[in-house]
Amino acid sequence: MRILVVEDDKDLNRQLVESLDEAGYVVDKAFDGEEGHFLGDTEPYDAVILDIGLPEMDGISVLESWRRDGRNMPVLILTARDRWSDKVSGIDAGADDYVTKPFHVEEILARVRALIRRAAGIASSEIEIGPLRLDTKLSRVTMDGRNVKLTSHEYRLLSYLMHHQGQVVSRTELVEHLYDQDFDRDSNTIEVFVGRLRKKINTDLIETVRGLGYRIQPDENAG
Ligand code: CA
């Protein structure tokens, strides 16, 4: 999962990026509205954290412009405590959620998880497919109840496929959602990661759809 953080406060930006990174997300960052707007317009994100008070272009205008252009990724806005009207304008502009400053970063992480789940149509913070269980809160994977040690790349890959269960996900899409903008994007590396992941989870749950990509089928017995 790939997240964009648009926040002009350098310390806050760093804190958010570090916490999201630790939680297993790939994170791109911008420090003003124009840069943020450009990234959100050109790169695919699974969620965006957008400050409202930004230099160059304010957060509301950034969001309005994205929505006008059909960019429909989940957006969490950050508002100042004494600016209730920002929440109203933000939600009207197409924000999915908001957090008021100052905040605990855990709240941001929980809301981002919920936004990503909601976008994927998943209600629970734990996703189960057969013996495989992904705990999005702890960024942990178990297989038949046993802990599976994954690298951050492998976790992201599995998490993305499980959030998009039943869909064929192309290599290009995976590269775009698993690496930040500076990564040397070679879609062949995805094959290598899928190979390692298959070995570690030791099942044939990850299906190769020839010429198209990969798919994890939803649990037939679920729901
Ligand atoms: Ca600000």
**Message:** Given the condition at pLDDT 95 or above, among the basic types (Lys, Arg), within 14 Å of the ligand (Cβ to nearest atom) and surrounded by fewer than 16 Cβ atoms within 10 Å (Cβ to Cβ), answer yes or no: does some residue in segment 22-29 qualify?
**Reply:** no
**Message:** Among (1) touching a helix residue (DSSP H, G or I) at 6+ places or on another chain (Cβ under 8 Å); (2) farther than 22 Å from Arg171 by Cα, there is one condition Met73 misses while meeting the rest; what is its number?
**Reply:** (2)
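The values are calculated or read from the model by the stated rules, or taken from the named source; none is laboratory data. From a predicted model like this one, the values you see are computed outputs, not experimental measurements. Backbone-built Cβ (ideal geometry, glycine too); neighbour counts: all protein chains shown.
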